[in-house]
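Shown next, in structure tokens, is the structure this report addresses.
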Amino acid sequence: LIRPVDHRRNFTSREAQRRLQEKERPRWALIAYGIFLAALLIIFAVTYTTYAFSKYRGVILPGVTVDQLSVGQLSPGQARSLLEENIGANWFVPVKLVYGHDEWPLSRNNIGLQYDIKGTVDQAMQVGRSESFPEQLLDRLPLHPSHSVPLIYQIRESALRQYLLLDISHNRDVSHGMVNAGLRVVGNDVQLIPSRPGNQLDVAGTETIVRSALGAVTTQVRPLSIKHFKPVISNDDALRFRARVEAFLNSPPIIQAGKRVFVTHRSDFIHALSFTQQVSKKRAAIVMQVNSTAISNFVQSLAQQVDRNPQNPKIRYNGGQVSLVAALVIGRTLNQADATQKLLSSVTHLTPHARLRFMVTSVQPPVDQTNPASLGITSPIGYGETSFKGAPVARLSDIEQVAGQLNDRLIAPNEDIDFNQLATTNWPNSFYVEREREVNGKVVPGEGGAVQQVATTLFRAMYQSGLTVLERHNHVHRFGWYEPPVGLDAQVSPGGQDLIFRNSTHHYLLIQTQIEPLRRELWIYVYGPKLGWHVSVDMLGTITKVYPHGPARMVQDPTLSDGQSRQVFFAHDGADTVVRRTITYANGRVRVDKIFSHYQAWQAVIRVGGPIAKPTPKSTPSAKNGTSTPATSTTPTPLAEPSPTPTFNH
């Protein structure tokens, strides 16, 4: 560093000295200080390490806890005592499971819980003694990390699962099915069925929660693990669909059927609606069903207001002319099938403010109102007459009702003249039962039998008109007020015996009835066209065989006093009869037919009071040789003489 002599003059001595001091002083000072400090650190580390490892010999290192219970710097015995003391306070209920306001205490007996305190303390002792040397040293420093040791236990897994499945999962708040939103009809309203999320206990997750809680020293409160299921049909979905339904119900269809207009109301359709939920992998929605029967019934109620039966004009024969009594009525009928289809489509599609037009068909009656003469009814072709003289007023009233059903009845060409169909009213049973009574020593009609009186009269009118008999039944016994002629009566019964003629004239016929209340007579007239034939009926009738009635029969009647008697049935002979009818046609052809009747004999029945005495025979003159024959009853008063046989020219 000393310059040569020849250059020395260029540097002063102070500058060289300064440069030398700057290069030599820092280097050696730093090295010296570093060596000194390193020596001090090594001495301190060795000394503290020796101290730390010797200080915690035989005790648990500081910072070690068992579920936040500090066991640091305690011997194993002290730690066991401390754990036993804390666990004992919660020995029977280590865990409580909660959900909402419900809780389920999980007792040790339920799950077979056993604690291993010694094993737990041994595990705590191993903290800081089995790791690497730096980690062991770190755990012994004043600023050491914390270590938590779990409480070692054992449980019966099957018992825990059984408790969760049987005691908890059946709780309605814990496990309940998911409810989709829906709709229902209540009264005249469509109400929302709210949706509800579904819950299901997560058994595996709850088991994990229980296991983690059992590692604690104190009683642990843990929530259940619940799986939640969201409804696939929400309340908003249901409300949107209800809005469509309400829009339709608030503005239901207006229906026009022919000239009539019907304004419907929500009450007409709301009860025909029902709602279900349709849930599949591809679709989840509310589905509306429409009761087609209810819609059909509604259409039927409209049809009852729209439909009208066609009616032929009612005509009356008076003085050889046909007069119109009631005008023709053109019928109409609603096409119910078409109406039901249209209305069902409108309701199904929930179309508000719909205007529907239903088809109404006109139905023409078979008679032209503009030309009554075309009916061909120009003259009388036959009549029938019967008497009910001596009958009470009740029989007259009944006959008026039944005969009124036949009055002004129009019979179409080739139509069967069916008595049970013409007299369509359901009559009481008394109307069909013939009864007798005795007035002034004569047997006369009693109450009832009105239907038989009208049927017999109609039979005589139709038979005298020359019409073909299809069905006819005579009475079982002979009744004097129908004779003469004998054997020209008719009997009907509801749903059984009937009186039927065939309208073989190929023209319209008119039936009219007339009642003479004072003389107690019934007349039935038949009007039609001039047919060109002549009908003659034997109005006396011929008895071909007689069946004598038996002796009177006495019947004891406790309601009668001794010596009193009352005859309830009168004796009638039976008979076989025949009535002849001759029809002469315009071409000269003659046809003869006969009506045969068989009547049973009918003995008298007398009700008496007290014991019945043996009858004493009386002598009556014989019809042939004047000898006497015993008899127990008198012969009824003879009936009126027969009238001449009427004839009709058609």
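The values are calculated or read from the model by the stated rules, or taken from the named source; none is laboratory data. These numbers come from a predicted model, not from an experiment. Here Cβ is always computed from backbone atoms with ideal geometry, including for glycine, and neighbour counts include all displayed protein chains. Accessible surface is based on the protein model in full, side chains and every heavy atom, while ligands, DNA and RNA are left aside. Shrake-Rupley method; radii C 1.70, N 1.55, O 1.52, S 1.80 Å.
If I filter segment 203-235 down to residues being among the β-branched types (Val, Ile, Thr) and in a strand (DSSP E or B), which single residue comes out as farthest from Glu103 (Cα to Cα)? I'd like the intermediate steps shown before the answer.
Within segment 203-235, the first condition is being among the β-branched types (Val, Ile, Thr), and the residues that meet it are 203, 206, 208-210, 217-219, 221, 226, 232-233.
Subset that is in a strand (DSSP E or B): 221, 226.
On the way: Val221: 9, Ile226: 14 Å.
Here the residue is Ile226.
Please go through (1) touching an Asp or Glu at 6+ places or on another chain (Cβ under 6 Å); (2) within 25 Å of Ala575 (Cα to Cα); (3) touching a residue at least 60 places away in the same chain (Cβ under 8 Å) for Val469 and return the number of the only condition it doesn't satisfy.
(1)
With respect to Ser107, determine if the residue is without any contact (Cβ under 8 Å) to a residue 40 or more places away in the chain and not basic (Lys, Arg). Reasoning before the result, please.
Details: without any contact (Cβ under 8 Å) to a residue 40 or more places away in the chain: yes; not basic (Lys, Arg): yes.
Yes, satisfied.
Which residues, taken from segment 497-515, are open to solvent by less than 50 Å² (accessible area, probe 1.4 Å) and either farther than 13 Å from Ala423 by Cβ or acidic (Asp, Glu) (or both)? Spell out the reasoning first.
Filtering segment 497-515 down to residues open to solvent by less than 50 Å² (accessible area, probe 1.4 Å) leaves 498-501, 503-505, 508-513, 515.
Residues satisfying the conditions are Asp498, Phe501, Asn503, Ser504, Thr505, Tyr508, Leu509, Leu510, Gln512, Ile515.
Out of Asn86, Asn90, report the one residue that is polar (S, T, N, Q), assigned to a loop (DSSP other than H, G, I, E, B), more than 60 Å from the chain's Cα centre (by Cα) and modelled with pLDDT under 85. Before you say what the answer is, go through the steps one by one.
Values: Asn86 fails: assigned to a loop (DSSP other than H, G, I, E, B).
Testing whether each residue is polar (S, T, N, Q), assigned to a loop (DSSP other than H, G, I, E, B), more than 60 Å from the chain's Cα centre (by Cα) and modelled with pLDDT under 85 leaves just Asn90.
Go through segment 575-587 and report how many residues are small (Gly, Ala, Ser) and either at pLDDT below 90 or open to solvent by 80 Å² or more (accessible area, probe 1.4 Å) (or both).
Let us first name the residues in segment 575-587 that are small (Gly, Ala, Ser), namely 575, 586.
In the following step, the residues that additionally are either at pLDDT below 90 or open to solvent by 80 Å² or more (accessible area, probe 1.4 Å) (or both) were identified as 586.
Within segment 575-587, residues that are small (Gly, Ala, Ser) and either at pLDDT below 90 or open to solvent by 80 Å² or more (accessible area, probe 1.4 Å) (or both) number 1.
Step by step: first the residues of segment 428-443, then only those that are among the polar types (S, T, N, Q) and over 13 Å from Pro392 (Cβ atoms), then the one that is least open to solvent (accessible area, probe 1.4 Å). Which residue is that? I'd like the intermediate steps shown before the answer.
First pass over segment 428-443, keeping only residues among the polar types (S, T, N, Q): 429-430, 440.
From what's left, over 13 Å from Pro392 (Cβ atoms): 429, 440.
Details: Asn429: 115, Asn440: 151 Å².
So the residue we want is Asn429.
What's the number of the only condition in (1) under 29 Å from Tyr482 (Cα atoms); (2) in contact (Cβ under 8 Å) with a residue 40 or more places away in the chain; (3) of a type in the set (D, E, K, R) that Asp576 fails to meet?
In the conditions (1) under 29 Å from Tyr482 (Cα atoms); (2) in contact (Cβ under 8 Å) with a residue 40 or more places away in the chain; (3) of a type in the set (D, E, K, R), Asp576 misses (2) alone.
Being under 21 Å from Ile399 (Cβ atoms), open to solvent by 10 Å² or more (accessible area, probe 1.4 Å) and either in contact with a Pro (Cβ under 7 Å, 6 or more places away or on another chain) or in contact (Cβ under 8 Å) with a residue 40 or more places away in the chain (or both), is that true of even one residue in segment 447-455? Before you say what the answer is, go through the steps one by one.
Step one: filter segment 447-455 for residues under 21 Å from Ile399 (Cβ atoms), giving 447-455.
Cutting the leftovers down to open to solvent by 10 Å² or more (accessible area, probe 1.4 Å) gives us 447.
Those left that are additionally either in contact with a Pro (Cβ under 7 Å, 6 or more places away or on another chain) or in contact (Cβ under 8 Å) with a residue 40 or more places away in the chain (or both): 447.
Yes: one or more hits.
Return the only residue of Asn420, Asn414, Asn474, Asn440 being modelled with pLDDT of 90 or more and over 45 Å from the mean Cα position of the chain (by Cα). Steps first, answer last, please.
Values: Asn420 fails: over 45 Å from the mean Cα position of the chain (by Cα); Asn414 fails: modelled with pLDDT of 90 or more; Asn440 fails: modelled with pLDDT of 90 or more.
Every option except Asn474 fails the conditions.
Give me the pairs, please: first residue somewhere in segment 558-569 and touching a residue at least 12 places away in the same chain (Cβ under 8 Å) and of a type in the set (S, T, N, Q), second residue anywhere and part of a loop (DSSP other than H, G, I, E, B) and surrounded by 10 or more Cβ atoms within 10 Å (Cβ to Cβ), beta-carbon distance under 6 Å, and either six or more positions apart or on two chains.
Ser561/Gly609; Gln564/Gly609
Any residue in segment 422-435 that's farther than 17 Å from His477 by Cα and in contact (Cβ under 8 Å) with a residue 24 or more places away in the chain: show its pairings with residues that are in a helix (DSSP H, G or I) and open to solvent by 60 Å² or more (accessible area, probe 1.4 Å) at Cβ separation under 7 Å, as long as the two are six or more apart or on different chains.
Listed by first residue and then by second, the contacts come to nothing, as the list is empty.
Residue under question is Phe36, and the condition is that it be modelled with pLDDT of 65 or more and open to solvent by 100 Å² or more (accessible area, probe 1.4 Å); does it hold?
Numbers: modelled with pLDDT of 65 or more: yes; open to solvent by 100 Å² or more (accessible area, probe 1.4 Å): yes.
Judged against the criteria, Phe36 is a match.
Give me the residue from segment 270-310 that is open to solvent by 40 Å² or more (accessible area, probe 1.4 Å) and assigned to a helix (DSSP H, G or I) and, out of that set, nearest to Gln341 (Cα to Cα). It would help to see each step written out before you state the result.
We begin by selecting, within segment 270-310, every residue open to solvent by 40 Å² or more (accessible area, probe 1.4 Å); these are 271, 274, 276-284, 289, 291-293, 297, 300-301, 304-305, 307-310.
From the residues that got through so far, the ones that are assigned to a helix (DSSP H, G or I) too are 271, 292-293, 297, 300-301, 304-305.
On the way: His271: 18, Ser292: 9, Thr293: 12, Asn297: 13, Gln300: 13, Ser301: 15, Gln304: 18, Gln305: 19 Å.
Applying the filter and picking the extreme gives Ser292.
What do you reckon, is Ser169 within 30 Å of Leu113 (Cα to Cα) and open to solvent by 60 Å² or more (accessible area, probe 1.4 Å)? So that I can check it myself, show each step before the final result.
Details: within 30 Å of Leu113 (Cα to Cα): yes; open to solvent by 60 Å² or more (accessible area, probe 1.4 Å): no.
Considered against the rule, which asks whether it is within 30 Å of Leu113 (Cα to Cα) and open to solvent by 60 Å² or more (accessible area, probe 1.4 Å), Ser169 comes out as no.
Residues checked against (1) modelled with pLDDT of 85 or more; (2) among the hydrophobic types (A, V, I, L, M, F, W, C):
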site	(1), (2)
Glu521	yes, no
Gly528	yes, no
Asp538	yes, no
Gln556	no, no
Arg589	yes, no
Phe596	yes, yes
Tyr599	yes, no
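Sort out for me the strands (runs of 3 or more DSSP E) sitting completely within segment 518-563 that have 1 or more residues that are open to solvent by 80 Å² or more (accessible area, probe 1.4 Å) and charged (D, E, K, R).
On the way: elements: 521-528, 534-537, 542-547, 553-556.
Correct list: 542-547, 553-556.
Quick one: how many residues across segment 481-496 are small (Gly, Ala, Ser), surrounded by fewer than 19 Cβ atoms within 10 Å (Cβ to Cβ) and either at pLDDT 90 or above or touching a Leu at 6+ places or on another chain (Cβ under 6 Å) (or both)?
Qualifying residue count for the region: 1.
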